[in-house]
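Here's the structure, in structure tokens; my notes come after.
The values are calculated or read from the model by the stated rules, or taken from the named source; none is laboratory data. Because the structure is predicted, anything quoted here is derived from the model rather than measured. Positions of Cβ are generated from backbone atoms using ideal geometry, with glycine treated the same way; all protein chains shown enter the neighbour counts. For the accessible areas, the whole protein counts, side chains as well, though only heavy atoms, and no ligand, DNA or RNA atoms are used. Shrake-Rupley method; radii C 1.70, N 1.55, O 1.52, S 1.80 Å.
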Amino acid sequence: MEILLAILVGVLYTAGTYMVLRRSILKFIIGLIFLSNATNLLVFLSAGLTAGKPAFVEDATTTSGQIADPLPQALVLTAVVIGFGLTVFALALKLKFFETTGTDDLDQLKKTDKQ
């Protein structure tokens, strides 16, 4: 399972990098979303997968190898909120940019310059 998720991280990073390098602002934002999700998954996988084990248990007899590590989960939760805020901010900038220039494509910006 960890191998499949590691491949998914690589695919998300590849797709995110490709989308960030595109000329459309909307594709750039989608690339940021892909990169954010890939980073979240990478941080989550760094602690290892513990199938069916909660992060906190009431029973004091369990060993540390039997429970999930709560730190990566907290980091990913924080990163999700930050990624969502970044996405909303980028979409607001795209809306204002489109209202000002009338285009989404960066190649067409040369036509909007006043010389």
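Observations on the structure shown:
- Note on region 30-55: among residues that are in a loop (DSSP other than H, G, I, E, B) and touching a helix residue (DSSP H, G or I) at 6+ places or on another chain (Cβ under 7 Å), the one that is modelled with the highest pLDDT is Ala47.
- Verdict on Ile33 being without any contact (Cβ under 8 Å) to a residue 40 or more places away in the chain and open to solvent by 30 Å² or more (accessible area, probe 1.4 Å): no
- Number of positions in region 8-29 that are within 15 Å of Asp105 (Cβ to Cβ) and either hydrophobic (A, V, I, L, M, F, W, C) or assigned to a helix (DSSP H, G or I) (or both): 7
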